[in-house]
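Asker: Dropping the structure in here first, questions after.
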Amino acid sequence: MATPRILSGIQPTGNLHLGNYLGAIRNWVSLQQDYDCFLFMADLHAITVPYDPKQLAENVRKVAATYIACGIDPERSTIFVQSQLSAHSELAWLLNCITPLNWLERMIQFKEKALKQGENVSVGLQNYPVLQAADILLYEPDLVPVGEDQKQHLELTRDIATRLNFQFGSEAQPVLKLPEPLILKAGARVMSLSDGSKKMSKSDPSELSRIDLTDSPELLQKKIKKCKTDPERGLEFDNPARPECHNLLNLYMILSGQEKTAVAAECAEMGWGQFKPLLTETLQTALRPIRDKYDQVMAEPGYLDQVLAQGRERADVVASETLGRVKAAMGF
Ligand code: TYM
């Protein structure tokens with residue numbers, strides 16, 4: 001039997017943060033033992049909002065280095081750059097022509113991002129989820145491991161595939177395979193350090209709102225020192241009136257590898273003055289190996305070139321095959 005496959009990607013729009021790690025990359029690392037993994041840098045997605053062309057290529061490399069630093073093994077997994085495979089854009093166009101416009105008008109992430117941009121919203125931003133569907137469907141993955149915020153895009157991907165199969169395939173011979181999302185509960189929604197009701201995000205203008213995976217120990221200490229808390233003593237999970245408290249305890253729980261009940265008991269009587277140094281140290285310990293490996297990979301540009309060239313080749317075999325099948329079914 002063929003090894004089951006996963007596909008996932010991240011936009012190279014800035015440094016990767018703890019949400020990207022806990023919601024996505026960490027799960028890819030554990031899945032790569034049992035799955036054939038296709039992991040990419042979504043650079044075509046990164047240009048749907050204003051960006052600096054001088055930094056795009058470098059950001060792609062930084063994200064690739066972060067994947068490897070977090071434990072993705074390029075021998076075992078395929079790491080590639082979305083824009084290097086024209087099949088993504090081509091399938092996106094084909095899917096565009098069968099996707100009803102009103103399906104895109106419902107997308108929450110579009111509404112959020114469009115709101116931030118005012119007048120300057122591109123057609124690309126609205127179209128973004130169709131490109132994401134193409135990214136996924138090209139590789140016929142069994143599972144797509146992502147954070148909670150991508151759930152709606154995965155549902156749309158399934159809807160588009162179902163529609164294409166209905167219009168151009170048959171029940172016995174579907175053109176595209178329907179993928180399942182994989183959203184693990186712990187870490188699926190890491191919240192901002194400045195507001196526990198907002199998700200941690202690369203696009204938040206405040207650096208202090210997020211923990212980047214390559215933050216120095218000193219910066220980690222500063223960010224935790226300044227992060228938003230509340231005036232109460234005693235720390236607890238799941239109190240809706242204390243979102244920051246829940247988020248920080250959750251981070252401590254995941255990064256220290258402890259059970260929720262153990263953390264709840266350990267922190268029940270603590271004040272912030274006692275908890276913050278504990279969380280800082282846990283973060284420093286967890287992120288140190290990632291930072292060290294990242295520096296090592298970034299210092300070897302030849303190695304990264306080779307990983308991406310190999311990734312492109314392997315991805316192309318699968319993507320071309322699927323694109324050919326879709327084009328044939330659609331009458332080309
Ligand atoms: P992006 O670049 O915003 O985020 C990459 C991954 O990180 C997860 N994530 C989070 N998880 C938990 N807490 C957070 N605060 C947090 N912030 C981000 C995201 O859920 C995601 O898994 N549209 C995608 C990129 C993409 C893609 C794809 C993903 C393009 N094509 C195909 C999967 C399959 C995005 O913008 O992710």
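The values are calculated or read from the model by the stated rules, or taken from the named source; none is laboratory data. Since we're looking at a predicted model, the values are computed, not measured. Glycine also receives a Cβ, built like all others from the backbone with ideal geometry; neighbour counts cover every protein chain displayed. Areas reflect the complete protein model, heavy atoms only, side chains present, ligands, DNA and RNA absent. Shrake-Rupley method; radii C 1.70, N 1.55, O 1.52, S 1.80 Å.
Asker: Collect the residues in the stretch 11-31 that are farther than 25 Å from Ser256 by Cβ and either modelled with pLDDT of 95 or more or more than 13 Å from the chain's Cα centre (by Cα) (or both), keeping them in residue-number order. Spell out how you get there, then give the answer.
Answerer: Pass one, the stretch 11-31, residues farther than 25 Å from Ser256 by Cβ: 11-14.
Listed by number, the residues that qualify are Gln11, Pro12.
Asker: Turning to a different aspect of this structure: If you go through the stretch 75-95 one residue at a time, do you hit one that is among the basic types (Lys, Arg), at pLDDT below 90 and either within 22 Å of Arg163 (Cα to Cα) or open to solvent by 10 Å² or more (accessible area, probe 1.4 Å) (or both)?
Answerer: Here is the first cut: in the stretch 75-95, the residues among the basic types (Lys, Arg) are 76.
This time we only want the ones that are at pLDDT below 90, so: none.
Taking every residue of the stretch 75-95 in turn, none turns out to be among the basic types (Lys, Arg), at pLDDT below 90 and either within 22 Å of Arg163 (Cα to Cα) or open to solvent by 10 Å² or more (accessible area, probe 1.4 Å) (or both).
Residue-wise test of (1) closer than 17 Å to Ile6 by Cα; (2) open to solvent by 50 Å² or more (accessible area, probe 1.4 Å); (3) within 11 Å of the ligand (Cβ to nearest atom); (4) charged (D, E, K, R).
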site: Leu131; (1), (2), (3), (4): no, no, yes, no
site: Leu143; (1), (2), (3), (4): yes, no, yes, no
site: Arg163; (1), (2), (3), (4): no, yes, no, yes
site: Gln167; (1), (2), (3), (4): no, yes, no, no
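Asker: Right, here's the next one. When only residues in the stretch 114-148 that are assigned to a helix (DSSP H, G or I) and of a type in the set (D, E, K, R) count, which is nearest to Met41 (Cα to Cα)? Steps first, answer last, please.
Answerer: Step one: list which residues in the stretch 114-148 are assigned to a helix (DSSP H, G or I), which gives 114-117, 123-138, 148.
The next check asks that each one be of a type in the set (D, E, K, R); those that pass are 116, 135, 148.
Working: Lys116: 24, Asp135: 11, Glu148: 19 Å.
Within the stretch 114-148, the match that is nearest to Met41 (Cα to Cα) is Asp135.
Asker: Can you tell me how many residues in the stretch 23-57 are within 12 Å of the ligand (Cβ to nearest atom), in contact with a Lys or Arg (Cβ under 9 Å, 6 or more places away or on another chain) and touching a residue at least 60 places away in the same chain (Cβ under 8 Å)?
Answerer: Selection size over the stretch 23-57: 4.
Asker: Moving on to the next point. How about the stretch 111-129: which of its residues are within 11 Å of the ligand (Cβ to nearest atom) and open to solvent by 10 Å² or more (accessible area, probe 1.4 Å)?
Answerer: Within the stretch 111-129, the subset within 11 Å of the ligand (Cβ to nearest atom) is 113, 128-129.
Those that are within 11 Å of the ligand (Cβ to nearest atom) and open to solvent by 10 Å² or more (accessible area, probe 1.4 Å): Lys113, Tyr128.
Asker: Considering Gly271, Gly257, which residue is without any contact (Cβ under 8 Å) to a residue 60 or more places away in the chain and open to solvent by 40 Å² or more (accessible area, probe 1.4 Å)?
Answerer: Details: Gly271 fails: open to solvent by 40 Å² or more (accessible area, probe 1.4 Å).
Of Gly271, Gly257, the one residue that is without any contact (Cβ under 8 Å) to a residue 60 or more places away in the chain and open to solvent by 40 Å² or more (accessible area, probe 1.4 Å) is Gly257.
Residue-wise test of (1) buried (at least 17 other Cβ atoms within 10 Å of the Cβ); (2) within 29 Å of Leu18 (Cβ to Cβ); (3) touching a residue at least 60 places away in the same chain (Cβ under 8 Å).
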site: Leu278; (1), (2), (3): no, yes, no
site: Thr282; (1), (2), (3): yes, yes, no
site: Leu287; (1), (2), (3): yes, yes, yes
site: Val297; (1), (2), (3): yes, yes, yes
site: Tyr303; (1), (2), (3): no, yes, no
site: Val307; (1), (2), (3): yes, yes, yes
site: Glu321; (1), (2), (3): no, no, no
site: Ala328; (1), (2), (3): no, no, no
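Asker: Another question about this same structure. Failed condition for Gly118, given (1) in contact (Cβ under 8 Å) with a residue 24 or more places away in the chain; (2) on the phi > 0 side of the Ramachandran plot, with all others met?
Answerer: Of (1) in contact (Cβ under 8 Å) with a residue 24 or more places away in the chain; (2) on the phi > 0 side of the Ramachandran plot, only one is false for Gly118: (1).
Asker: Please state which one of Glu207, Glu148, Glu218, Glu155 is within 13 Å of the ligand (Cβ to nearest atom) and under 28 Å from Lys293 (Cα atoms). I'd like the intermediate steps shown before the answer.
Answerer: Values: Glu207 fails: within 13 Å of the ligand (Cβ to nearest atom); Glu218 fails: within 13 Å of the ligand (Cβ to nearest atom); Glu155 fails: under 28 Å from Lys293 (Cα atoms).
Residue meeting the stated conditions: Glu148.
Asker: Something else: Can you tell me which of (1) touching a His at 6+ places or on another chain (Cβ under 8 Å); (2) at pLDDT below 95 is the one Pro129 doesn't meet?
Answerer: (2)
Asker: Before we move on, is Glu155 within 25 Å of Ala268 (Cβ to Cβ) and open to solvent by 40 Å² or more (accessible area, probe 1.4 Å)? Explain how you work it out, then say what you get.
Answerer: Working: within 25 Å of Ala268 (Cβ to Cβ): no; open to solvent by 40 Å² or more (accessible area, probe 1.4 Å): yes.
No, not satisfied.
Asker: May I ask you to list the residues in the stretch 38-74 that are buried (at least 23 other Cβ atoms within 10 Å of the Cβ) and out of contact with any helix residue (DSSP H, G or I) (no Cβ under 8 Å at 6 or more places or on another chain)?
Answerer: Within the stretch 38-74, just Val63 meets the criteria.
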